[in-house]
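K.L.:
Okay, handing you the structure first.
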Amino acid sequence: MIAVHFGAGNIGLGFIGLLLSESGYAVKFVDVNEERVALINERGEYKVTLANEAGEDFIVKGVSAINGRDEEQVAKAIAEADIVTTAVGLGALPYLAGSIAKGIELRLEAGAKAIPFIACENAIGGSTALKGHVLGKLSPELRERAESVATFPDAAVDRIVPLQQHEDSLQVTVEPFCEWVIDRSALPADFPSLQHVKYVDKLGPYIERKLFTVNTGHCSAAYLGYLQGYETIQEAMKDEGIVAMLGEVLGETGQVLVREHGFDAAEHGKYVDVIMDRFRNPYLTDEVVRVGRSPIRKLSPNDRLVRPLLLAHELGIETPGLIKAIAAALSFDFAEDAEAVEVQRAISENGIGHTIAHYTGIGEGHPLYSAIIRQYETLQQRQEA
């Protein structure tokens, strides 16, 4: 069996590629990094190390790679594949659409069976978004026929992969925990089960559970830790004050998830405990500036901070923790992150109120608007004291 995976970065190698290999697939990576493509083809294998006491190693064998700029070769690989996955970031999906569309055309010409195209991105509806980009590259006639050879099941993925510090550029260290949840309703009827994957009929609750717990909690710890001068998430999680604030944040998002999706409150509490322990993992070195990077995306209306805040407000849930986390995100002034620089420039030139409205969509007339401003000003006063 053949899997084509877009993105030979840390998530692609250390998570999706590893799980596909363990399910019996020969993995063909697609990437635009020519050196990485050449190295994968030269070796045909790479190492994944678990961040635990044993430091377990897994050798992923039988892998190859294709230059993503070679649309003809990528399309040919898709025509022969049994599954196609991505881990490139939601913003990069449009750039994959052309070669995927050509691959679908080849599958149609060959009368091939239907296979899934699964976007394993940190976003709600990643595969649905990919489908829209791909169909936009096909003629109206081919769009109607595309579903006979391609389905686009949405998925939720979760594994912490920190910045790597190996001499071997293909070696990846990952946390032991991983979760890959796929919407089974959009899979081809005869598609074989993948190892370590959970299949559900309603994916939305699981995507939001992960987004509002892992992603909300992770970036909150990063922004709060950054303000305290900590370099890693692990250092921040030794600060009882940060842990208490993080518990407040996840208590609020937990109320939203229980109310919105019917999760059992006690079971969700256990899930939160697991997440907090993952953040504490002493065998990981996860820099706060890595986790906090791209604050504009994280502050957008449908992402990990603002979306649960607005849902909580609609449900009448008090949100002092989320407001603190958003204020901390607005205070993230890491000079080497372009989005952080842009936010700080916006605050300097246009004021905090205008910046909040512009990036979060929470305008002056909204009840939460003034609360975020007050909390931001409080944080600034503490930083200056």
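Each reported figure results from applying straightforward, stated rules to the coordinates on display, with no laboratory input. Just so you know, these numbers come straight off a predicted model, no measurement behind them. Cβ sites come from the backbone with ideal geometry, for glycine too, and all protein chains shown count toward neighbours.
K.L.:
For helix 126-135, report the angle its Cα long axis makes with the longest principal axis of the Cα atoms of the chain; keep it between 0 and 90° and round to the nearest 10°.
P.N.:
Between the helix axis and the principal axis of the chain, the angle is about 50 degrees.
K.L.:
Please say if the stretch 281-348 is rounded, prolate or oblate, where rounded means a/c under 1.5 for a ≥ b ≥ c the square roots of the C-alpha gyration tensor eigenvalues, and otherwise the choice is prolate for a/b larger than b/c and oblate otherwise? It would help to have the intermediate numbers written out before the result.
P.N.:
Values: a/c = 2.36, a/b = 1.32, b/c = 1.79.
Oblate is the answer for the stretch 281-348, as a/c is 1.5 or above yet b/c matches or exceeds a/b.
K.L.:
At 0.36 nm per residue, and after removing the present C-alpha to C-alpha distance, how many nm does the segment from K270 to S348 gain when stretched out fully?
P.N.:
Extending this stretch completely gives an extra 23.9 nm.
K.L.:
Now a separate question. If one takes the longest principal axis of the Cα atoms in the chain, at what angle in degrees, from 0 to 90 and to the nearest 10, does the Cα axis of helix 240-261 lie?
P.N.:
60
K.L.:
When Lys and Arg each count +1 and Asp and Glu each count -1, what net charge do the other residues less than 11 Å away from G68, Cβ to Cβ, add up to?
P.N.:
-2
K.L.:
May I pose another question? Report the paramagnetic label zone for Q73: residues of the stretch 1-41 whose backbone N is under 12 Å from a point 7 Å from Cα along the Cα-to-Cβ axis.
P.N.:
Under 12 Å, as judged by backbone N against the label point of Q73, lie 29-41 of the stretch 1-41.
K.L.:
Given R₀ = 45 Å, FRET efficiency for R297-K61 by Cβ-Cβ distance, to 0.05?
P.N.:
That gives a FRET efficiency of 0.80.
K.L.:
Out of [x] 5, 22, 30, 23, 13, 6, 1, 0; [y] 5, 20, 25, 21, 15, 9, 4, 2, 1, 0, 0; [z] 5, 22, 30, 25, 14, 3, 0, which label holds the value of P(r) over Cα pairs in 10 Å bins from 0, in percent that was computed here?
P.N.:
Identified label for the calculated read-out: [z].
K.L.:
Further question: Comparing L250, L305, L315, which has the greatest mean-square fluctuation in the GNM of the chain with Cα pairs linked when under 10 Å apart?
P.N.:
L315
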